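Please read the structure below before turning to the comments.
The values are calculated or read from the model by the stated rules, or taken from the named source; none is laboratory data. Every value quoted in this text rests on a predicted model; they were computed, and no experiment measured them. So basically every Cβ, Gly included, is an ideal-geometry build from the backbone, and we count neighbours across all protein chains shown.
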Amino acid sequence: MHSPVHLHFIAALFAVFFIRKLSAQCPLAVSTGNDTTFCAPGTQVQLNGSIIGDFLGFAWSPATGLSDQNSLAPVTTVNQTTTYTLSATALDPQNLIANGGFEAGNTGFTSGYTNVACDITPEGMYAVLPQAYPCHPFWETCGDHTTSNGLMMLVNGIGTPGTEVWCQTIAIIPNTQYAFSCWAMSEELNNQAELQFYINGALIGPVFTPIDTCVWQQFYALWDAGNASTAEICIINQNLQPSGNDFALDDLFFGEICTVSDSLTVEVVELVALVEPPETMPCSGSEIVLDAAGSSVGIFVSYQWTTTDGNILSGENTLGSCIINVPGTYTLTVSNLQNGCTASASTMVAVSMDTMTITASGDTICQGEAAILVATGATGNYNWYDAPTGGNPLFTGNPFTPVPPLTTTYWVEAASNTPPPTPLALDFDGSNDRVNCGDPPGNFFDLTGDATLEACVKKTGNLPPLGSATGYAIIGKDVSAGNNFPKWFFALQNGGLAFHINGPGYANGYWAYSGSFAQPADNEWYHVAVVKTGNQYSFYFNGNFVGQDVIPQPVVNVAAPLLLGYAEPCCRHRGVLDDIRIWNLARTEAQIQSTLNQCLNGNEPGLIAWYPLDDPAGSLIASDLSLFDHHGTLTNMDPATDWVGGCPVICDNECPLERVAALVTVFPPDTTFLYSTTCNPASAGVFTQALANEGGCDSLVIETVELLPSYSSTFFETTCDPALAGTSTEVFVAFNGCDSIVSTTLTLVDTDSTFLFFSTCDPSLAGVFTQVLPTTEGCDSVVVQTIALLPSVTSEIFGTTCDPDSVGSTTQVFPAPNGCDSIVITTLTLVEADSTFLFSSTCDPSLAGIFTQTLTNALGCDSLVITTVQWAGSNQTVISLTTCDSTEVGTFTQQLTNQHGCDSIVSTIISFEGFSVSVEITPPCPDEDNGAITVLVQGGSEPYLFSLNNGAFQNTNEFNELPAGIYTITVMDANGCEQSAEAHLNVLPTLLLTVFPGDTTITLGGSILLGMEANFLFDNLLWETTPNSGLSCFICPNPIASPQQTQTYTVTAFSPSGCMAKATMTIIVEQSQDVFVPNVFSPNDDGINDKFTVYGDPKKLLNIKQLLIFDRWGEMVFVGENLPPNDPRFGWDGSFRGKVMNPDVFVWWTEIAFENGTISFLKGGVMLVR
């Protein structure tokens, strides 16, 4: 059999590749490496592709910008996230031509030539042979192409035009590219054959002429199937000269050109850290919010505000809620936690107002004096207080001269003398004049959420009555004059306030009214406010709550500009308006009061518009001093006359100053009293000294010195020492430090002596002894004792004894006549006794024992005779045996005589020893001989042997690979005993396994849940299919299949007994999803292609589960969930956070649910144009 040919191609043939699905047999492995990420555009990247296997060619896509398109490692500069795909082509090794190497002989093809077994000398003949000789004696003897000893087709050319040499029809896949190859050689050096190759009647390749004999040459051509499903391949010899024109064919090959691709994505993460232009705060300590709304956002994006010289109160990890209160430099660092990219931006925050600095000197005084405190640094008056905040005002002016009784701290603050600017306002005549503030995108001014509206107003005439359906509009939005149009506005009424909304289906709309309050006089300024919380409206007059009302319907979006002083004709404003403020939150009464008639900074949280109306007289612009700059335009107004004096709003141009402390240290006059003692009468008395303390005030020291008394004592004693007799005097120091005199008189006492006489028998006690004792007066008394020694007597006696306990010397002491001891010593020597031992035996148990006789020897001591008589009675032996035969069981006794002549009894006990046999079976699976028997033995003697159906015994207790049937098991133990048992192996029930949903069809990119049902319990299962099957799990009962091409899945389930069952289903993948996603849209409100969404066949598409849109930096600008297909009303309008997006290319990703239960995930790009 010939192996698949190895084709050698020239590169020019593969400049263009036909890209198709990866064939399971394509002998290539293509790798582009791992995806990579760079943190900045413009990075130079080297691609590193690799191809394992014999490939025909390769190509990178996209190729734009690559340094070398013919290199596996080109270099490119990446400015945006790009996916690069490396595709390589190879020849599928499966040969679709049957018997292309002719090893099966003359079969599998047709020919217009005549087949012969051997003689191919006539023209028009062919034969399938290993060589030409001897079938054609004049041809070269050459071997076949592959092995030189296989078969080939030898052809003797004919001169008939169009005669088919070889033809075969093959089933093919439409729209697939194939390669055809044929090896040929000439059998004649002259007049070689001219071969041409046809597929479906069309010529492929040029005329092919094999030139040399015994040299095989290859013909190769590519062919595109188009719509054809079969390919008829034919070879025709165009040489019509019969002489020569002989050739051989071998190793015809026809196979698919397959493509293997791999992709990597080079992600360019362009993080943006954008901080708005340098902020200012009115004063150090004022709270402002830093704005970085233009920075990158996303689920993996984090933020960190830092400063070295400022102070962050809160929001250091937020994008738009970082609150600070100290000027300085603040830096925002934006980080992508997924890839480690960072970006940063800084802003300098300065104080916008002038700052005064004041100082105050302290003072040190004596009690009762006046302190002089001086403050400096301010331009206005100084106010002195007794506390750092609040407290009692003490004095206005400079210096301050208090007289504190004790050390005291005072505080001083300064007031600015800078006059406030002259405020302005706008006067509306109620005709058609107004201020148009525009309609920013994103429903910016639509009060669909909580809100607060404030204004300073001055009426100039009668107002509509409270509770009527009219009023003087302060601010609002109105599509068109009249009812039933979307609108809202805040209005004045006589002694009250009102808020009005309208919308489709609202009839004449709804009104909310405040409680009544005293209407100010004409030309008197007052402050009004309304706070919207849900559907509840609370009204405030000069900062005080004056009632609330509820409107049952919500405020609808109003596609109209925000207007100051204007609404429908009934409600145009007549009067003067000033300091209009709009908040997107519900302010409290305390918050309203805190800024009442006070200038704002413009960056307060929640402030979305602030119209102070203090623009220069004659201006046509009403400036918005909030962060959003939605400036208004005066319409139908005269800028020369309509700018009038404004509401007295206080706008400091100097920062408020904190109070400064001044310490007054008070030193009161003091007196110190000291006390001491003395033994010297001249030093006793009261002494006074006048000094000055550290504050220079008087300080008196009064010292009292007390005289202490002295002490004398006299003592009388006796002494035995003549030298000590007499009187002596000593002087001591008393406890108080004075002298203490002690006098002592000693009288002499005489000494005495006593003599005593005694005797003793103890030499150690004899002698003369002297003892000195004290008398009653403490003097010596001498006692002299004389002790004389008396003589003693000692005797010794010697003897013998038979008693070992009496052996030894004993001493006896007797009294002598003089009273001393008389000692007698007796010594006894042992005379030993003798013993004789005798031994004998007896059959009479009563005569057995040990017998002793005591005799007297010549010395009179005992002589013992000990006789031991041992019983040599009958022997009794017990022998225990076992038997498998119950007739042999019993006890058997024999009586014999031992060597002593006594009885010897032998008892044999034979007991029955049986054992039991049981079996454990494993039934065979249906249609399989895989049953098993395990034998269990209880009792008997090991080892055991086992036999099946009276066969040979074996030493293992298992019998495997058994068909169903009844089996006899025999067990033999070590004693040769046998026991049998019977085992029944029954076939298990047929295992049924069903896979669902069965054969089905899904669209490309879709997924479907697979499942299975069985009539048996299973503990393992396995889904099997070809690689790249798209299964979520191969061992789960319900995996999700997401095949990219038609795929057959087989599931095998294994029962606990080891049996298995299989089921198969096929998922047909339709390449068309009937889904259309535009690649361009124009949100310009012309009613054509204004919104971007997903379109498709409504009979197949169920809904759009998710539609996500990202800008070029990866920031999500739109998210939609569970959208209906084909309905642009729910699509993206090209805006983000209320702002219109600039023209650009955006990336979209969508998850689509189809009616057949499949899910598809699609992505792509869309261009926004305007």
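Couple of notes before you dig in:
- Against the conditions (1) β-branched (Val, Ile, Thr); (2) out of contact with any Leu (no Cβ under 7 Å at 6 or more places or on another chain); (3) modelled with pLDDT under 90; (4) surrounded by 14 or more Cβ atoms within 10 Å (Cβ to Cβ), Ile211 satisfies every one except (4).
- For first residues located in the stretch 140-151 and crowded, with 21+ Cβ neighbours inside 10 Å, partners that are acidic (Asp, Glu) and at pLDDT 90 or above and lie 6+ apart or on another chain with Cβ distances below 7 Å form the pairs Asp144/Asp250; His145/Asp250; His145/Asp251; Leu151/Glu103; Leu151/Asp144.
- Residue in the stretch 68-78 that is hydroxyl-bearing (Ser, Thr, Tyr) and part of a loop (DSSP other than H, G, I, E, B) present: yes
- Qualifying residues in the stretch 585-616 (those that are of a type in the set (Gly, Ala, Ser) and assigned to a loop (DSSP other than H, G, I, E, B)) - the one nearest to Thr533 (Cα to Cα): Ala586
- Segments classed as strands (runs of 3 or more DSSP E), wholly inside the stretch 968-1060, with at least 2 members that are of a type in the set (Phe, Trp, Tyr): 1047-1054
- When residues in the stretch 692-728 are screened for being charged (D, E, K, R), at pLDDT 75 or above and part of a strand (DSSP E or B), 3 of them pass.
- Residue in the stretch 58-66 that is closer than 29 Å to Leu271 by Cα, touching a residue at least 40 places away in the same chain (Cβ under 8 Å), assigned to a loop (DSSP other than H, G, I, E, B) and not charged (D, E, K, R) present: no
- The single condition among (1) buried (at least 16 other Cβ atoms within 10 Å of the Cβ); (2) out of contact with any strand residue (DSSP E or B) (no Cβ under 9 Å at 6 or more places or on another chain); (3) of a type in the set (D, E, K, R) that Asp629 does not satisfy is (1).
- Residue that is farthest from Val326 (Cα to Cα) [pool: residues in the stretch 340-367 that are modelled with pLDDT under 75 and polar (S, T, N, Q)]: Ser361
- Within the stretch 625-637, none of the residues are closer than 14 Å to Leu564 by Cβ, of a type in the set (S, T, N, Q) and without any contact (Cβ under 8 Å) to a residue 24 or more places away in the chain.
- Considering Asn544, Asn508, the condition of being in the same structural domain as His631 (by TED's automatic domain parsing), polar (S, T, N, Q) and closer than 22 Å to Asp579 by Cβ is satisfied by Asn544 alone.
- Condition met for Cys167 (modelled with pLDDT of 90 or more and surrounded by fewer than 19 Cβ atoms within 10 Å (Cβ to Cβ)): yes
- Taking the conditions (1) assigned to a loop (DSSP other than H, G, I, E, B); (2) crowded, with 16+ Cβ neighbours inside 10 Å in turn, Asn950 satisfies each one other than (2).
- When the stretch 1114-1136 is filtered for residues that are surrounded by fewer than 16 Cβ atoms within 10 Å (Cβ to Cβ), within 36 Å of the chain's Cα centre (by Cα) and not in a loop (DSSP other than H, G, I, E, B), the ones remaining, listed by number, are Met1116, Val1119, Glu1121, Asn1122, Phe1130, Ser1135.
- Being assigned to a loop (DSSP other than H, G, I, E, B) and modelled with pLDDT of 90 or more is a description that does not apply to Leu154.
- Test: residue in the stretch 179-190 that is in contact with a Leu (Cβ under 8 Å, 6 or more places away or on another chain) and surrounded by fewer than 18 Cβ atoms within 10 Å (Cβ to Cβ): no
- In the stretch 250-277, residue surrounded by the most Cβ atoms within 10 Å (Cβ to Cβ) [restricted to those that are within 29 Å of the chain's Cα centre (by Cα) and not in a loop (DSSP other than H, G, I, E, B)]: Val268
- Restricting the search to strands (runs of 3 or more DSSP E) fully inside the stretch 439-555 and requiring at least 2 residues that are buried (at least 20 other Cβ atoms within 10 Å of the Cβ), of a type outside the set (Phe, Trp, Tyr) and in contact (Cβ under 8 Å) with a residue 60 or more places away in the chain gives 451-459, 472-478, 487-493, 526-533.
- Residue count, the stretch 298-322 (criterion: within 26 Å of the chain's Cα centre (by Cα) and outside any loop (DSSP other than H, G, I, E, B)): 5
- Of all residues in the stretch 227-249, those that are hydroxyl-bearing (Ser, Thr, Tyr), in a loop (DSSP other than H, G, I, E, B) and within 30 Å of Pro27 (Cα to Cα) total 1.
- Residue within the stretch 796-808 that is assigned to a strand (DSSP E or B), modelled with pLDDT under 75 and of a type outside the set (D, E, K, R) present: no
- Among the residues making up the stretch 168-197, those that are among the hydrophobic types (A, V, I, L, M, F, W, C) and farther than 20 Å from Gly226 by Cβ are Cys182, Trp183, Ala184, Met185, Leu189, Ala193, Leu195.
- Residue in the stretch 1033-1047 that is touching a Pro at 6+ places or on another chain (Cβ under 9 Å) and surrounded by 13 or more Cβ atoms within 10 Å (Cβ to Cβ) present: no
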